[in-house]
Number of protein chains: 2
Amino acid sequence: MIIDCHGHYTTSPRQHEAWRQEQIAAHKEGRAAPNRPAISDDEIRASIEGGQLKLQQERGTDVTIFSPRAAGMGHHLGDASTSEAWAAACNELIHRVCTLFPRNFIGVCMLPQSAGVSPKNCIAELERCVNEYGFVGCNLNPDPSGGYWQDPPLGDRYWYPLYEKMVELDVPAMIHVSMACNPAFHTTGSHYLNGDTAAFNQCMTSNLFKDFPTLKFIIPHGGGAVPYHWGRFRGLAQDMKLPPLPELLLHNVFFDTCVYHLPGQELLAKVIPAENILFASEMIGAVRGIDPETGHAFDDTKRYVEQLPLSAADKQKVYEGNARRVYPRLSARLG
Amino acid sequence: MIIDCHGHYTTSPRQHEAWRQEQIAAHKEGRAAPNRPAISDDEIRASIEGGQLKLQQERGTDVTIFSPRAAGMGHHLGDASTSEAWAAACNELIHRVCTLFPRNFIGVCMLPQSAGVSPKNCIAELERCVNEYGFVGCNLNPDPSGGYWQDPPLGDRYWYPLYEKMVELDVPAMIHVSMACNPAFHTTGSHYLNGDTAAFNQCMTSNLFKDFPTLKFIIPHGGGAVPYHWGRFRGLAQDMKLPPLPELLLHNVFFDTCVYHLPGQELLAKVIPAENILFASEMIGAVRGIDPETGHAFDDTKRYVEQLPLSAADKQKVYEGNARRVYPRLSARLG
């Protein structure tokens, strides 16, 4: 079985994102948001059958751990109440996809974060998504300000109430920023990758996993800059008198394979233990074209993983075993 | 000849950094800064002979392009007048090092930047350092706020007056952030690497090199996350209908080899043309320990470069030829 641990609903029916525009416009003008639009099952089916499901079949992957569009989370927009309503709408839509295509999609929720608002705010929605929808994880945005980095780092006790609930529910978080509203950053270029690198550093320089030994984070996009600079991080940890990185972090931190060329994937597999790599593509996402050097989609990451010098056992871990371990609720859904 | 294009004066005599503390304290209290401390040639000699020069000799490199301590630039501290005085003090010290050890160190200046203050402010110091001190380049901080990213991106016309002067003087800039004052970031971990990645993106999504076809930037620390995600950037450029990255950026953007393990260096040399890689170590800098996996200093980057499958001609470019091309004033100094 090939589990893609990183997919977002980037092809949701048009009225869903249109409602978000209306919601934020209404908030700005101090009006109540309009009612949420009707979205039929057929519209959802069409958006999936012509998109994610088609690519799953073409590429030979089996199931996608599926969450709302990451750039669309927009935690810097509106306030806590708009975030709450938007997260509820997005997560419900994911639940409908997973209900319509139970063999192909397993849900992960976005959280109703807002810059400067305690993550306690997110607990009810996380519980609802896990307990009522059967979701297996959440996406946690380390920078709800959208590129101004105004919330405390992930190792701060500010985030602990959410971690307590994650541990209780036995769900991991993918650490994933949303749209950059800071003109210094390109959302899917620098902001995503910088969020990954910052998150890893925040974990490295904190007591987070001493305090929460079973908490698990997936750092997407191949871990940002981290594997490429693994020597730098090993050296920084050593200079800080910290334990070696495998002991310090690799029981809790995992990297996905959203790296869109073979040399990057080779590096990832060379420096990060196979136990800490989860197969992922983030299709249909940041990069949608065909690589003229290969003739295949940049984000068809299975083609790269197939070429890696991994043993069959390690490849099984990357494709399936690690995902089942990192998302403990997954096996109950998949069988 | 082996030219290390990235060294900072991290071992400067103690009274230099002590004065900076006094200067900022005085600024906070609205007092005039004290006079700058006396620093003897012998003190400078000792700080270099026991530090950078010793390592040059041990590691077999010939000359270092040398600039003030990057984390110490602190453009977020004080105001335009404190930055001006501090940059003058730091650059003067670099000039004294280069005068005492003319075969081993060639100067690059820091700029008197301040968050929110026009880079026009930096022109006089750049001119002074190039024309009076014989410096061959400058370090340009893309985020003088120290991790809050409040200045316009590098492609913005905001920076153009400085670029005009750089082009006129025929000097490149290394794009290098300073200390992070934002608790979200670790200075030498995430902030440096994120600055590199952001800078590359800012160049990619701007008309900068159309407007300044001879402007040259060195992105340090192996280009942050960029080479590891070269496929992502190629794909993003293609989706944006931009020319291929070599055409779009590689006449103007260069990467150094400050990557502190062999797998990262191998990746760099595999995806970035040899013409765009400049040898560098950033010793004595971010990572100061011995890698237990190799028994050698993490930042002894020459050991990695020696192991790369580069032709002798390409290695010569990385060690010397590219530096002479990117820093056109270098050959006048080196002969």
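Odds and ends about this structure:
- Leading residue by the ranking (nearest to A:His76 (Cα to Cα)) among those in segment A:120-133 that are open to solvent by less than 40 Å² (accessible area, probe 1.4 Å) and more than 17 Å from the chain's Cα centre (by Cα): A:Ile123
- All positions within segment A:146-155 that are buried (at least 22 other Cβ atoms within 10 Å of the Cβ), of a type in the set (Gly, Ala, Ser) and more than 8 Å from chain B (Cβ to nearest Cβ): A:Gly146
- The set of residues in segment B:261-287 that are charged (D, E, K, R) and within 13 Å of chain A (Cβ to nearest Cβ) comprises B:Glu266, B:Lys270, B:Glu282.
- Selection status of B:Ala274, of a type in the set (A, V, I, L, M) and crowded, with 22+ Cβ neighbours inside 10 Å: no
- Residues located in segment B:44-71, provided they are out of contact with any Cys (no Cβ under 6 Å at 6 or more places or on another chain), closer than 27 Å to B:Val326 by Cα and open to solvent by less than 10 Å² (accessible area, probe 1.4 Å): B:Ile48, B:Gly51, B:Gln52, B:Gln56, B:Val63, B:Thr64, B:Phe66, B:Ser67, B:Ala70
- Out of B:Leu334, B:Leu250, B:Leu308, B:Leu330, sole residue that is in contact with a helix residue (DSSP H, G or I) (Cβ under 7 Å, 6 or more places away or on another chain), away from chain A (no Cβ under 12 Å) and within 26 Å of B:Cys98 (Cβ to Cβ): B:Leu330
- Residues located in segment B:172-225, provided they are farther than 20 Å from B:Val259 by Cβ, part of a loop (DSSP other than H, G, I, E, B) and of a type in the set (Gly, Ala, Ser): B:Ser178, B:Ala180, B:Ala184, B:Ser206
- For segment A:201-221, the candidate set comprises residues that are closer than 19 Å to A:Lys165 by Cβ and within 12 Å of another protein chain (Cβ to nearest Cβ); within that set, the residue that is surrounded by the fewest Cβ atoms within 10 Å (Cβ to Cβ) is A:Ser206.
- Filter result (polar (S, T, N, Q) and open to solvent by less than 20 Å² (accessible area, probe 1.4 Å)) within segment A:291-335: A:Thr301, A:Asn322
The values are calculated or read from the model by the stated rules, or taken from the named source; none is laboratory data. This is a predicted model, so every value here is computed, not measured. No Cβ is skipped: glycine too gets one built from the backbone with ideal geometry, and neighbour counts run over all protein chains shown. Calculation scope for accessible area: heavy atoms of the full protein, side chains included, ligands and nucleic acids excluded. Shrake-Rupley method; radii C 1.70, N 1.55, O 1.52, S 1.80 Å.
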